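Only one structure is covered here, and it is reproduced in the block below.
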Amino acid sequence: MRRDRDAAGRPRNARPRDALGRPLDRGAAGQAPVPGDLVITGADAATLAGQLLREGRPFHAHEVLEAAWKSGPATERDLWQGLAQIAVGLTHAHRGNGRGAVTLLRRGAQRVRAYQVADEPGGETGEARPFGMNLPAVLAAAGDLAARIERDGLAGLPAADLAPGLLAAGG
């Protein structure tokens, strides 16, 4: 079977994906993968990833956030990597992997928290809102979700809790 490859010859999976990022059979209806060479601004990444998270598509949000960290300035790397890890944690939760969800939610929150503190004048207010994102709310949701999954497991977790907002204004 021939592998999908990009123009540089690197392996790429061009198969459509389900809402949680699992590859589907070729020709099946599904979501096209986010291009591996996507270049996106921080504002556009925040908007698109926020929309994908609200739609319950955290795997696709992770791909957008990964593109932002790869194409953005080095000073934003921890922000985008941490947000991508939170999205992967949500993906694990959707797929029934509570342990993976807790690990990635906490790891991502730690990375974003470090960015938020470093980004603040004096580092004490915790109210950074880069690109319109509500980082305090994202961090609170990730921490609360990780604690609840660790304590109670994934059973009975409301679907809305796995589709958090990212943007400050209703996102």
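Brief remarks follow.
- Search result, residues across the stretch 130-168 that are among the basic types (Lys, Arg) and either in contact with a helix residue (DSSP H, G or I) (Cβ under 8 Å, 6 or more places away or on another chain) or surrounded by 13 or more Cβ atoms within 10 Å (Cβ to Cβ) (or both): 148
- Taken residue by residue, the stretch 155-168 has no member that is at pLDDT 95 or above, in a helix (DSSP H, G or I) and under 26 Å from residue 17 (Cβ atoms).
- Failed condition for residue 112, given (1) modelled with pLDDT under 90; (2) out of contact with any Lys or Arg (no Cβ under 6 Å at 6 or more places or on another chain); (3) not charged (D, E, K, R): (1)
- Residues that are under 30 Å from residue 75 (Cβ atoms) and acidic (Asp, Glu) were ranked within the stretch 12-45; the one that is modelled with the lowest pLDDT is 37.
The values are calculated or read from the model by the stated rules, or taken from the named source; none is laboratory data. Note that the coordinates shown come from a computational prediction; the quantities given were computed from them, not determined experimentally. Every residue, glycine among them, receives a Cβ derived from its backbone with ideal geometry; neighbour counts consider all protein chains shown.
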